[in-house]
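Written out below as structure tokens is the structure these notes cover.
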Amino acid sequence: MGLCFAGLTGAAQAIEIDGRIDPVEWQGARHVTDFRKVQPLSLEPGSQPTEAWVLATPEGLAIAFRNVQADSVPRTRQRVQRDFDQQVDRVNVMVDFDGSGRTGYNFTVSSTDGIADAIITNESQFNDDWDGNWRHAVSEDAESWSAEILIPWYIAPMAKAEGDTRTVNLYLDRVIGSTGERTAWPTASFERPRFLSDFKALEIAAYSQSLFAVTPYVSGLYDNIQGTSTFDAGADLFWKPNGQFQLTATVNPDFGQVESDDLVVNFDATETFISDKRPFFTENQGLFEYTTPSDFSQLLYTRRIGAPADDGHGAGDITAAIKVNGSFGATQYGLFAADEADAVGRTFSAVRLVHDFDTQNLGMMLTQVDRPWIDREASVLGIDHNWRPSPRWNVQTRVFGSQIDQAGTSKSDLGATVRADYEMDDGWRQQWIAMHFGNDLQINDAGYLSRNSMNYLHWEARRRFTDLAQSSRYVSKDWRGRITRNENNHGEKLNDQFRLSRDGQLRNGSYEYAQINFNSAGVNDLLTRGNGSVKRPASFNAFYRFERPRKGDWAHEVEAEAFSGGLSGNSKIGYGLRYDAVYFISDAFNLHAGFYTDHSPDWLVWQRDNLIGSFERRELDLNAGLDWTIDSRQELRVKLQAIALDAGLRQAWRVNAQGDAIASDEPVDDFSLGNLGFQIRYRYELAPLSYLYLVYGRGGFQQDPFSDATGNLLRESFSLRDDEQLLVKLSYRFEM
């Protein structure tokens, strides 16, 4: 049942979003004072008083916070860039506009008026690639700091209201940066099996807004290697005539390198997942989320669109794309289509349907990809069901199948997953996961699945401790034990594993995580790329991470790991160490630098057919840069990454039909490589979601058939220059 308050359902006055909470403007608003600790999850009253006001207005949903902060609790005054993840004083507003527990929107404002926004799916999965247009302002006095937020009704699709009111689900929280304490209303927590579906139901006035927006762009790119210049233009379009229909389209989109992905060097048989930051593909994408418990698995992985072309020459050239979101009653629908140019171009399409019930929702998703250059058509159909039978249970079920038609042949197969989370008393929690992926299941034409041919079972038990003594350096600890079984569909055991881990939140706001895995003997059936499975002995890996937020002028992060593996099992131990530091010259300007080094004494790398090499691997990485928030509209970012990797051959091996590795005298070369990525990016915000970018980028990659010291390789990487470009891009959003 929704709760009805006069100020929520009948407010008509306008609110000036200036960060100063005027009692007259907020008269009649829902006043919230019962903020309780959810980090640590003790549910005790917050250490610092917090109050909030919620008011529905014709212009949007308005929320205000007043955050009292005693002199003994330091305020963080650090300036942050959009979609920041630094631990600073901040407030969060999370809204499920349909009250269905399927999709939520997170709006974050820091005490220095920095913002972040994200989409929430699968109860507690946050994706901050989405950027919305909403208003915000902050102010402070001697006792407190305040924030005002206005979220327009056109920000997201909404089901049609019944009568003059609609029910939305709301969650408010406040984080104290110096200690990490999070207090919230209601007491929902992403540390529980359910989060999004535990928001508070509120009945508000059924306001509606329409919006038509066009964002044209022009860009110019100078290639300093080729000595050539190119110019381009295009536009994005957004149309929302009402809450039940929303259309987004793009024509000749320019996906120039205004965002830089982290460097990746991958010799594994599985693909590295990279999130999508392109505006069209992040706008209202939450409905198309169809994921499984397998890492990053999803039916629509939008990085496929505009990815390397099927002829192997450059990236696909996207001519146009369109996306439609809407609803009929409790049923939501989505349509998606994208087309690449020329004979090599692919055509992508997707259809999504979801129907919401009181304690569950049922969905269907269909994706299709036409790849004429390789005479391939791929279709994937999935059914998903989310069930919340009680506040303690959350059950997610997925069943999906693929059909691939290529060069006159056809293959099809199925996959299915079940995940069940159960919250018990006294901080206990259990989780069960089962997954089956068929041998011929293929969803990677449009989606992402790290591997098929898998049967996986897992049971996990957790215990959370929040009643720790005041003398303890921790405010909470979360212990987890997990047992897994993993086989392929040929009856081969990939591995059994026992994992023990612990999360720790410290009283000074720091975070700590430790984990150890004990892996049984098994096989690696992917290493030889289809040329036989390789038997592996038992192994282990241990990992530790410590994050200390800013104290004074410094913030630090440390990671350390020890591991065994390869064909040596536990007889040879490797290690890895990462350290990153941030030095704050001022609240608006910081320098950051760090390194990563590892030593893997038995690293297996595929060579050809059933020939593999065992290498002694040493890696040394460097990252550095600066972030300067010049003012509320301008920011400058410099980012440098360099990777040096050396692999000296220990032994060549042939894999026989029984999976045994037999020593071979066949020649296999040592190798070494260097990789460089460097970017300087200036961004000026002309208006909301309207930007001028000036971007200089340089990068290079080189691999040699000999061994060299990682120090030499790292120095030499700075001279790599395969690409060097200067990009100027101007986009401006016109709203009507």
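The values are calculated or read from the model by the stated rules, or taken from the named source; none is laboratory data. Just so it is clear, the structure is predicted and the values come from calculations on it, not from any experiment. Methodologically, a virtual Cβ is constructed for each residue, glycine included, from the backbone with ideal geometry; neighbour enumeration extends over all protein chains shown. Note: accessible area is taken over every heavy atom of the protein model, side chains too, but ligands, DNA and RNA are not part of it. Shrake-Rupley method; radii C 1.70, N 1.55, O 1.52, S 1.80 Å.
Some notes on this structure:
- Value of relative contact order over region 336-490, rounded to a whole percent, pairs C-alpha under 8 Å and six or more apart: 14 percent
- Of the cross-linked pairs Lys160/Lys729; Lys200/Lys477; Lys572/Lys639; Lys535/Lys639; Lys323/Lys729; Lys200/Lys639, those separated by over 32 Å at the C-alpha level are Lys160/Lys729; Lys572/Lys639; Lys535/Lys639; Lys200/Lys639.
- Mean shadow area of region 507-573 over all directions, Cα convex hull, nm²: 6.6 nm²
- Residues in region 717-729 carry Karplus couplings, in order, of 5, 5, 8, 5, 7, 6, 10, 8, 9, 10, 10, 10, 9 Hz; the curve used is 6.51 cos²θ - 1.76 cosθ + 1.60 with θ = phi - 60°, and Gly or Pro positions show x.
- Calculated from backbone phi, Karplus (6.51, -1.76, 1.60) coupling profile of region 72-80 in Hz, x at Gly/Pro: 6, 10, x, 8, 8, 10, 6, 7, 10
- Per-selection Kirkwood Rh - region 449-528 (Cα, Å, 1 d.p.): 15.0 Å
- Normalised contact order of region 576-688, rounded percent, pairs of Cα under 8 Å and 6 or more residues apart: 23 percent
- With all pairs of different C-alpha atoms in the average, the Kirkwood value for the hydrodynamic radius of region 176-258 is 18.3 Å.
- Region 101-168 and region 171-241: distance between their alpha carbon centers, rounded to Å: 8 Å
- Span from the region 384-459 Cα centroid across to the region 612-651 one, whole angstrom: 34 Å
- Descending by average beta-carbon neighbour count within 10 Å, the peptides 152-164, 209-221 line up as 152-164, 209-221, the highest first.
- The local environment of Tyr448, defined by Cβ-Cβ distances under 10 Å, has a net charge of 0 under the rule Lys, Arg +1 and Asp, Glu -1.
- Summary value for the chain: 9 percent relative contact order, contacts being C-alpha pairs under 8 angstrom separated by 6+ residues.
- When each of the peptides 26-39, 191-204, 692-705 is scored by how many other beta carbons lie within 10 Å of its residues on average, the order from highest to lowest is 191-204, 26-39, 692-705.
- Counting every alpha-carbon pair across the chain, the share separated by more than 37 Å comes to 45%.
- Volume of the Cα convex hull of region 161-200, divided per residue and given in Å³: 74 Å³
- For region 214-349: span of alpha carbons on each principal axis (Å, largest first): 56, 39, 29
- Global form of region 330-373, assessed from the alpha-carbon gyration tensor, a/c cut-off 1.5: prolate
- Radius of gyration and Dmax over the Cα atoms of region 349-420, both given in Å: 15.9, 51
- Centre-to-centre, using Cα atoms only, region 513-543 and region 571-592 are separated by 29 Å.
- Convex hull of region 1-157 built on C-alpha atoms - directionally averaged projected area, nm²: 9.9 nm²
- Rounded if a/c under 1.5, otherwise prolate or oblate - region 525-646, Cα gyration tensor axes: prolate
- Think of it as helices only: each DSSP H run of n ≥ 4 in the chain is worth -39500 (n - 2.57), and spread over all residues that comes to -500 deg cm²/dmol at 222 nm.
- Region 84-138, accessible area per residue, ligands and nucleic acids excluded (1.4 Å, Å²): 26 Å²
- Annotation: peptides 314-322, 396-404, ranked by per-residue average of other Cβ atoms within 10 Å with the highest first, follow the order 396-404, 314-322.
- Grouping the Cα pair distances of region 11-78 into 10 Å bins from zero gives a pair-distance distribution of 18, 40, 30, 12, 0 percent in increasing distance order.
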